[in-house]
């Protein structure tokens, strides 16, 4: 069971919002980069986010660049899951590969600072502030498998090859 | 049932034929990384405990995003890439050789192949009839080590474009028009497959522009059949021996068919801060610009520079504008020098910077000031893209860019072309 506060973002949050190009030089220093995570979407987020909180967004979260540093620094900032209406393709793959949990559902019923409780196994998000429940789309099989193995690198180390199909 | 281009190319890389929606393990012919994603690819690669890439001569490491290096941290990242290439036999494309996507089509990727690149615009090579897709560093590390990757075979959208593009209208305008129509997530997970008389008549340079921006509609790939234009392009690059015909079957199944009449397309711009926020220039109103950038993997080819110089010749860059030009590769730079393009551009007031990504990624060589407006031929106008979230970026064709640099505001060059 995951529990934390919601940080709300709009549609089309790009990897430039999450991991700005002007901080390109911090890609080799992810803990430092994480201090700037999502800075161009909400300058206060990085300094105020608490361990276990959730990033909650609209559609097409993570569009743009293939930079894996984007999900990496969201994870490093302590966020337990990103909840969005939809995700851009490369971001989705990257997040699963590195073990950042992504949940897809209608997020209109979640406001900034709402207290959420996520039951990953049951596929339910409880909005404790509003007393409502939202079901999220089950993760695809391949993603569950990769997640269980601890990401793609661990999966390959374990089997010496892909064991997904 | 016949196969789409995506199904056909991926099936040639799997043990059993696949169809859209299938999950498969596919052989990968080429992998690519750049200096923004390469160091992380290398550190993930090393975690696997595998000494060398499966096929070292087909893993290419490009130094293009931040070169010449503006910071010591990035210089150190470049060192990591050089060291890895030396240790493993992987190929290094040094700073100054050009943007990875331009270099990949000039030298490294063949029709019918699968390319996984740690850069979202890897889809550019789709114009050569290759299944080329952007992934993250970890995926590319594994694809490089094992020579394979897992893929979900995408459903395809057939994009039929027929008729002649009007004077002053280019591939960039067509692509902005399409993205405006379907949206920045209109083709998420899908392959765009381009066809029709407009596409057949189009140069490879224009096809690369379309394929390059497939990802701006969320697509996994932007694919083209191969034809005599593909052959001629390969021949110009002295590698016609890799040519082969690739085309979809006539009875292939498409999830969606989008018909575009080329004559409906006008000179377009994408307004801040999303690529699908498009307008015809005729509806834009007065937008003054501080900086114009002509270059990038989208529009930094010799054909783009030729159009730009045509509009800059006998003119002057407007005193309130900085015009920055970056040829997409060394080959483009050499050709532009030979044709006198660089001389004219320099004379009229452009700043020519070395082949590479230039200011498009916001690392160096043209970072915007607070409140400044840039018109660029690149593919993205996200907030902060050019190094300052307080800057505004408009996207357009090289013709619009060059003419706007002269006028000082975003202007349609049709009348003067």
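None of the figures in this text is laboratory data; all of them are computed from the coordinates on show. Computed from a prediction, not measured in an experiment: that's the story for all the values here. Note that each Cβ is placed from the backbone with ideal geometry, even for glycine, and that neighbours are counted across all protein chains shown.
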Burial ranking of peptide ranges A:117-123, B:116-122, B:61-67 (average Cβ count within 10 Å, highest at the top): B:116-122, B:61-67, A:117-123
Footprinting exposure proxy for B:150, A:7 (fewest neighbouring C-beta atoms within 10 Å first): B:150, A:7
Taking the convex hull of Cα positions in region B:37-166, its mean projected area over all directions (nm²): 10.0 nm²
Which of A:153, B:159 has the fewest Cβ neighbours within 10 Å, and the rest in rising order: A:153, B:159
Rg/Rg_globular for region A:2-159, with Rg_globular taken as 2.2 N^0.38 Å and Rg from C-alpha atoms: 0.98
P(r) weight above 19 Å for region B:324-417, C-alpha pairs, percent: 45 percent
Cβ-derived FRET efficiency at R0 30 Å, residue B:166 paired with residue B:247, nearest 0.05: 0.60
Sequence-separation-based contact order of region A:1-133, relative, with Cα cut under 8 Å and 6+ spacing, percent: 29 percent
The protein assembly as shown: antiparallel DSSP beta bridges as a percent of all, rounded to 5: 30 percent
Peptide-level mean, for B:33-44, of C-beta atoms on other protein chains within 10 Å: 3
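Of the beta bridges DSSP finds with both residues in chain B, what % are antiparallel, to the nearest 5?
20 percent
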Sorted peptide list for B:288-294, B:164-170, criterion being average Cβ within 10 angstrom, highest first: B:288-294, B:164-170
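Can you give the average number of partner chain beta-carbon atoms within 10 Å of each beta-carbon in peptide B:373-383, as a whole number?
Other-chain Cβ atoms within 10 Å of each residue's Cβ, averaged: 3.
More than 26 angstrom separation, counting every C-alpha pair in chain B; what % is that?
51 percent
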Kirkwood Rh and Cα Rg combined as Rg/Rh, region B:65-141: 0.99
Mean shadow area of region B:174-267, taken as a quarter of the surface of its Cα convex hull (nm²): 6.6 nm²
Per-selection Kirkwood Rh - the protein assembly as shown (Cα, Å, 1 d.p.): 23.8 Å
Per-residue mean of C-beta atoms belonging to partner chains within 10 Å, peptide A:32-41: 1
Gyration tensor verdict on region B:24-64 (Cα atoms; rounded if a/c is under 1.5, prolate if a/b is larger than b/c, oblate otherwise): oblate
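Kindly rank B:189-196, B:357-364 from highest to lowest mean number of other beta carbons found within 10 Å of each residue.
Values: B:189-196: 24.1, B:357-364: 27.1.
The packing order, highest mean first, is B:357-364, B:189-196.
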Distance (nanometres) between label positions extended 7 Å along Cα→Cβ at residue B:47 and residue B:314: 6.1 nm
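Can you compute the helix-only [θ] at 222 nm over the protein assembly as shown? Use -39500 (n - 2.57) per DSSP H run of at least 4 residues, normalise by all residues, nearest 500 deg cm²/dmol.
Estimated from H runs of four or more residues: -8000 deg cm²/dmol.
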Which of B:94, B:7, B:106 has the fewest Cβ neighbours within 10 Å, and the rest in rising order: B:94, B:106, B:7
